[in-house]
Each structure stands twice: as structure tokens, then as C-alpha cells.
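The next block holds one structure in the form of C-alpha cells; read it before the comments.
The values are calculated or read from the model by the stated rules, or taken from the named source; none is laboratory data. If you're wondering where the values come from, they're calculated on a predicted model, not measured in any experiment. Glycine also receives a Cβ, built like all others from the backbone with ideal geometry; neighbour counts cover every protein chain displayed. Accessible surface is based on the protein model in full, side chains and every heavy atom, while ligands, DNA and RNA are left aside. Shrake-Rupley method; radii C 1.70, N 1.55, O 1.52, S 1.80 Å.
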Amino acid sequence: MPTTDKLITLSDPRAPGAEAFRTLRTNLIFSSLDHPLTTLLVTSPAPEEGKSTTLANLAVTMAQGGRKTILVDCDLRRPRQHEIFGVPAAPGLTSMILDAQDDPALAATEVENLWLLPAGPLPPNPADLLSSRRMESLISTLKSQADIVLFDAPPILAVTDAALLASKLDGVLLVVSAGRTKREHAQRAKELLEKIHVRLVGAVLTNAQVDTSVSAY
């Protein structure tokens with residue numbers, strides 16, 4: 001069973017938080033009319049800033065909007081997506097790459113149009129695996145099976161995984177947390193993404209206070 005306390009888009013779809021994710025979906029679609037997003041990486045500057053929960057809810061809203069959506073857990077150090085959606089951690093991404101499998105080990109979720117590729121067994125060298133040619137081939141395979149493929153990556157300032165993967169994808173969404181993310185960390189993350197010439201499509205603020213003056217509309 002999915003962890004519904006993490007998936008507000010399922011547990012309370014009329015809540016302001018759920019509406020915020022639908023707004024995020026709309027903004028991403030309209031911001032990419034000239035350069036459509038078929039692959040999107042979500043990361044954060046540092047750990048514990050809500051990137052995995054944010055991405056899981058974004059994936060749900062994308063699927064609810066009628067898009068065939070594949071969510072890939074590329075955080076090969078602290079994978080969370082299998083816990084959030086209540087599916088086995090393996091087989092998954094690493095199983096496919098290490099065993100040279102061509103068919104993605106996609107796990108069905110309770111959400112129509114949404115499939116999850118879990119992380120799989122954790123490897124000793126995540127960065128090497130994510131930068132491999134097999135990973136590039138897997139990305140192409142996943143793109144052919146979905147309207148949009150979303151990738152959960154480790155914090156970009158903590159390890160090189162996110163930067164290596166971002167260079168293979170259409171864009172990056174940066175998650176920052178109110179009261180937790182340090183200003184200098186957010187700035188460094190932005191500069192790093194610009195340095196490797198990837199498309200930063202925007203930022204998401206988590207842990208923000210709800211404006212109760214409009215929440216009842």
C-alpha cells in the first residue's frame with residue numbers, strides 16, 4: 001500500500017497542498033511549450049528537503065492529468081520511492097543495468113497511468129552506473145514507453161550523481177525547503193547546474209506555510 005501521508009494528492013486531493021502540485025504540473029507544461037519536457041530530474045541542494053515526496057506527488061498529478069508517466073528512483077544511496085508507493089525495492093534500475101536487461105522492471109502503482117521503476121539493489125558505485133552507456137540506453141527505452149519520465153536523484157551538493165544524470169535529460173527541477181535549506185546551498189546548487197549547462201526549469205518550495213485566506217475557495 002502507498003504511504004498516503006506522503007501522497008497528499010491521493011489522500012486529500014482537495015487540500016491546498018494537492019492543488020499546489022496541480023499548479024506545479026500546469027506551470028511545467030506551459031513553461032515547456034517551445035521545448036517539451038519528456039524527461040525531468042528532481043533534486044535538492046542537500047538531504048531532507050522533501051525532493052522524493054515532492055516528486056512522488058508530481059508524478060501522481062501528471063498521471064491524473066492523462067499523461068503516461070514513469071517515475072524512476074535514481075537515488076541509489078537512499079531510495080524512497082518504493083516505500084512511498086508500497087512496492088518492492090527490487091528488481092529495479094540497477095538490476096536492469098547490471099544484468100543488461102532490455103525490458104524495464106516497471107512496477108504498477110494504484111494510480112492509473114503511473115508506473116515506478118524502483119532503485120533495485122544498491123550498487124557500490126552509483127555515479128559510474130548512472131553515467132554509463134547502459135543508462136543512456138535505458139533512458140531512451142523509457143521515453144518510448146511514456147509521455148514523461150521523472151527521475152529522483154540524490155542531493156546535488158552531496159554527490160555527483162544528480163549532475164551526471166542531469167546532463168542526459170531535458171531539464172531539472174530544484175526542491176528547496178523553507179526553514180531548512182540554507183541560502184548559500186541553494187545558490188551553489190543553481191550555480192552548479194548552470195556550470196554543467198543543464199536546463200533549470202524552476203524551483204519548488206516545500207515546508208511553506210499555507211495561506212488560509214484562499215484555501216477555502
Exercise for the section: Would you mind getting the accessible area per residue of the chain, heavy atoms of the protein chains only, 1.4 Å probe, in Å²? Expected result: 50
Handout entry: Expected 222 nm ellipticity per residue - DSSP helices of 4 or more, -39500 (n - 2.57), all of the chain, to 500
Key = -10500 deg cm²/dmol
Practice task
Quick one: of Lys68/Lys195; Lys51/Lys195; Lys68/Lys182; Lys143/Lys190, which pairs are farther than 28 Å apart, Cα to Cα?
Solution key: Lys68/Lys195; Lys68/Lys182
Handout entry: Fraction of alpha-carbon pairs over 18 Å apart in the range 118-166 - percent
Key = 31
Exercise for the section: Can you pull a Stokes-Einstein diffusion coefficient for the range 66-187 at 25 °C (0.890 mPa s), Rh from Kirkwood over Cα pairs, as a whole number of µm²/s? Expected result: 164
Exercise for the section: Could you tell me which of Asn125, Leu165, Ala203 has its Cα farthest along the dipole of the chain towards the positive end, charges placed at Cβ (Lys, Arg +1; Asp, Glu -1), taken about the Cα centre? Expected result: Ala203
Exercise for the section: Please express the Cα-Cα pair-distance distribution P(r) of the range 1-92 as a list of whole percents, one per 10 Å bin, running from 0 to the bin with the greatest distance. Expected result: 15, 48, 33, 5
Problem - Carbon/sulfur fraction of accessible area - the chain, other protein chains in place, 1.4 Å, % - result: 50
Practice task
Please give, to one decimal in nm, the separation of the simple spin-label points placed at Glu110 and Asp34, each 7 Å out from Cα toward the Cβ.
Solution key: 4.2
Completion exercise
Residue span Asp103 to Val159: 0.36 nm per residue of separation minus Cα-Cα distance leaves a gain in nm of 17.3 nm
Fill in the blank from the handout: Here D for the chain, in µm²/s, from Stokes-Einstein with a Kirkwood Rh over Cα pairs at 4 °C and 1.567 mPa s, works out to 75
Exercise for the section: For the range 58-113, just list the percent of Cα-Cα distances falling in each 10 Å bin from zero outward, please. Expected result: 21, 51, 26, 1
Exercise for the section: In Å and from the alpha-carbon atoms only, list the Rg and Dmax of the range 154-211. Expected result: 11.9, 37
Exercise for the section: Send over the semi-axes of the range 23-69's equivalent ellipsoid, whole angstrom and largest first, taken as the square roots of 5 times the C-alpha gyration tensor eigenvalues. Expected result: 20, 13, 9
Completion exercise
Largest first and rounded to whole Å, the semi-axes √(5λ) derived from the alpha carbon gyration tensor of the range 85-152 read 19, 15, 10
